Amino acid sequence: MQTNDETAIRDTIDRYVEGMRTADVALLRSAFHEHANMFGDFGDDLMAAPIESLFDWAAAELEPGATGADHRVEIEDVEIAGEVALARVHERDFFGGDAREFFTLVRSPDGWRITCKSWATIG
């Protein structure tokens, strides 16, 4: 059975996913803490950037539905320790590929927010 916190964390991740699917930057932004960062593979390079760069890219280039008709996310596990949490996620058919993602979150005055999005492309 999910706790209220776990439900809220899953809702936060769902806002990230729906923001990407619909190219809704305001919705996407609502999932992240203002000081969030992201790290992961980007081709052969490691991307390490403040989350604002994701918002800038989405505003300039992301079109609704561009992530793919079959794009979906499976939240495999949520671990909560006081005011912080970790969510393990499998993002499938994201721009045609799959990724393993790890989201760290913090409870803020506005609810649970993602502080770091880290990923590895797996297919």
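Taken together, the values in this text are just the output of simple stated rules run on the coordinates, not laboratory data. Predicted model only: the values in this text are computed from it and were never measured. For neighbour counting, all protein chains shown are included, and Cβ atoms are generated from backbone atoms with ideal geometry for every residue, glycine included.
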5 angstrom amide H check on Gly111, placed H, neighbours 5+ away: none
What list of whole percents do you get for P(r) of segment 4-121, with Cα-Cα distances grouped in 5 Å bins up to the one holding the largest distance? 2, 12, 22, 27, 23, 10, 3, 0
Ellipticity estimate at 222 nm from DSSP helix runs (n ≥ 4, -39,500 (n - 2.57)) divided over the chain, nearest 500: -9000 deg cm²/dmol
For segment 54-106, what does the alpha-carbon gyration tensor say about shape, rounded, prolate or oblate, given a ≥ b ≥ c as the root eigenvalues, a/c under 1.5 as rounded, and a/b over b/c as prolate? oblate
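Which shape class, rounded, prolate or oblate, goes with segment 1-44 when its Cα gyration tensor gives a ≥ b ≥ c as root eigenvalues, a/c under 1.5 marks rounded, and past that a/b bigger than b/c marks prolate?
Prolate, because a/c is 1.5 or more and a/b exceeds b/c.
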Taking the chain as a Gaussian network, Cα atoms linked when under 10 Å apart, which of Asp24, Asp93, Asp44 shows the biggest mean-square fluctuation? Asp44
Within 10 Å of each residue's Cβ, count the other Cβ atoms and sort Val89, Val84, Val106 from fewest upward. Val84, Val106, Val89
Electrostatic dipole magnitude of segment 4-121 [Cβ: Lys, Arg +1; Asp, Glu -1; Cα centre; debye, to 20]: 200 debye
